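The values are calculated or read from the model by the stated rules, or taken from the named source; none is laboratory data. Just so you know, these numbers come straight off a predicted model, no measurement behind them. A quick note on method: Cβ atoms are made from the backbone with ideal geometry, for glycine too, and the neighbour counts reach across all protein chains shown. We work out accessible area using only protein heavy atoms, side chains counted, and drop any ligands, DNA or RNA first. Shrake-Rupley method; radii C 1.70, N 1.55, O 1.52, S 1.80 Å.
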Amino acid sequence: MTAPLMSLTWTDHLTGRQGFLVVDRLVRGVSSGGLRMRAGCTLDEVTGLARGMTMKEALHYNPEGRYVPLGGAKGGIDCDPREPGAYDLLVRYLRAMRPYVESLWTTGEDLGLTQDLVDRAASEAGLVSSVQAVYPLLDDEAAARQRLADAFAVDVDGIGLDELVGGCGVAESVLTALDRAGVAYAGTRVAVQGLGTMGGATARFLTRAGLTVVAVADIKGTIANSAGLDIEALLAARDAYGTVDRAVLRPGDRELPGDAWLSGGAEVLVPAAVSYAIDTTNQERITARWIVEAANMPVLPEAEELLSARGVTVLPDVVVNSGTNAWWWWTLFGDIDADADAAFAHTRRSMRALVEQMLARAERDGTTPRAAAHAIVADRLPVIAERFGWYR
């Protein structure tokens, strides 16, 4: 595996806290990848995420589309976003990274940060936009920016379209796996770790598809109901960090320890919160048939090997949670309009095709879905490099 193109460590002059930027690859001179803020964030973590972004971009390469995949990058700040002073730290980080955001790194929300917060901090840091590096690649910048702004203003049953498209992609990944296995949606039980942007939207789409969400976990613990949770009520009772107000729980809902979601009898587990949630020890408790990685890097590689050996299929993050990033660019470049129906239809179609291709490749090669996804990327990156060069 090649080293990233660029790796930076920033130390805040006021607090001594560190932030990171890793650019794994440039395509047409630009890279794409979100900015996360969490206590304990490391350079190695951000490096892995940046490599994952290169893969996500390559997986959505369509020679006929207006959106041309960018290179992969990622930013990270070692701080709990709930701490006093976290926002000011975010602004100082973006001021320090301003030359890169202006010229080669497009970014947005990730773990611990909302897009509204990133936008507000970017403006305070003197940036035009967190994605301004891509503007020179657009045919009509004004129209493209308006289209993206209009898309972010779309609300669907109380949740913004930008918060829903990623979960739509995760849900479609689950449904594609079930369809290939001949498993009915009705009666299939799901446990979700994290009810923030990605986990909440995934739970909504899976419930509406007919699956039963029997457990959700947040920072306070696990909420479980073997008959199914009222997902819409839980979504409406979340705070900005995805923590559910327990006052809305029904008599049949149980409060369990935080890790109870792992072993609640569900056929599908959706880790949609932190990285490294499933390790070599707690994987022993998992009886699910599928683990669908809505979060970035939630299953440790060593744990995935053990899970695979006993027949548990892990659908990898580089495919499963790539819908949000792709939707940004489909909208900005003009492959879709600022419309919820168009966004969901395009996301479902693209994600289903990608997951089908990955699972078929895994079956053909006798490998895991992750290895199959990596093989697809290995096929596509040279094609992208030949068309656009390594840095241009």
Exercise. According to the square roots a ≥ b ≥ c of the eigenvalues of the Cα gyration tensor, what is the shape class of the range 227-384, taking rounded for a/c under 1.5, prolate for a/b larger than b/c otherwise, and oblate for the remainder?
Worked result: oblate
Problem set entry | the chain - share of DSSP beta bridges that are antiparallel (%, nearest 5) | 50
Exercise. Mind checking which of ALA303, ALA288, ALA142 has the largest fluctuation in a GNM of the chain, springs on alpha carbons under 10 Å?
Worked result: ALA142
Problem set entry | Expected-Rg normalisation [2.2 N^0.38 Å, Cα atoms] applied to the range 41-188 | 1.21
Seminar exercise, completed: Computed over the chain: longest principal axis from alpha-carbon atoms vs helix 323-333 long axis, angle to nearest 10 degrees, is 40
Exercise. Using the alpha-carbon atoms, what tilt in degrees (0 to 90, nearest 10) does helix 86-96 show relative to the longest principal axis of the chain?
Worked result: 40
Seminar exercise, completed: Expressed as a percent, the accessible surface of the range 199-297 that is carbon or sulfur, using a 1.4 Å probe and the full set of protein chains, is 51
For this session: List, in order, the whole-Hz ³J(HN,Hα) value for each residue of the range 286-303 obtained from phi through the Karplus relation with A = 6.51, B = -1.76, C = 1.60 and θ = phi - 60°; use x for Gly and Pro.
Result: 7, 10, 5, 8, 10, 10, 10, 7, 6, 7, 8, 6, x, 10, 4, x, 5, 5
Exercise. Can you give me the relative contact order of the chain as a percent, contacts being Cα pairs under 8 Å and 6 or more apart?
Worked result: 17
For this session: Mind ranking 105-111, 118-124 by how tightly packed they are, going by the mean number of other C-beta atoms within 10 angstrom, highest first?
Result: 105-111, 118-124
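Quickly estimate the mean residue ellipticity at 222 nm for the chain, helices only: each DSSP H run with n ≥ 4 gives -39500 (n - 2.57), and the total goes over all residues, rounded to 500.
-13500 deg cm²/dmol
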For this session: Within 10 Å, count the other beta carbons around each residue, average over each peptide in 278-286, 200-208, and list them highest first.
Result: 200-208, 278-286
For this session: Just the number, please: carbon plus sulfur as a percent of the accessible area of the range 319-392, 1.4 Å probe, no ligands or DNA/RNA counted.
Result: 53
Seminar exercise, completed: For the range 5-131 the mean separation of alpha carbon contacts under 8 Å (6+ apart) over residue count, i.e. relative contact order in percent, is 30
Seminar exercise, completed: Here the percent of antiparallel bridges among DSSP beta bridges lying wholly in the range 1-106, to the nearest 5, is 60
Exercise. If you take the square roots of the eigenvalues of the alpha-carbon gyration tensor of the range 310-365 and sort them as a ≥ b ≥ c, do you get rounded (a/c under 1.5), prolate (a/b over b/c) or oblate?
Worked result: prolate
Problem set entry | Student exercise, the chain dipole from Lys, Arg, Asp, Glu Cβ charges, in Debye to nearest 20 | 520
Exercise. Tilt of helix 369-388 relative to the longest C-alpha principal axis of the chain, in degrees (0 to 90, nearest 10)?
Worked result: 20
Problem set entry | Net +/- balance of residues flanking ARG180 in space, Cβ distance below 11 Å, scoring K and R +1, D and E -1 | -2
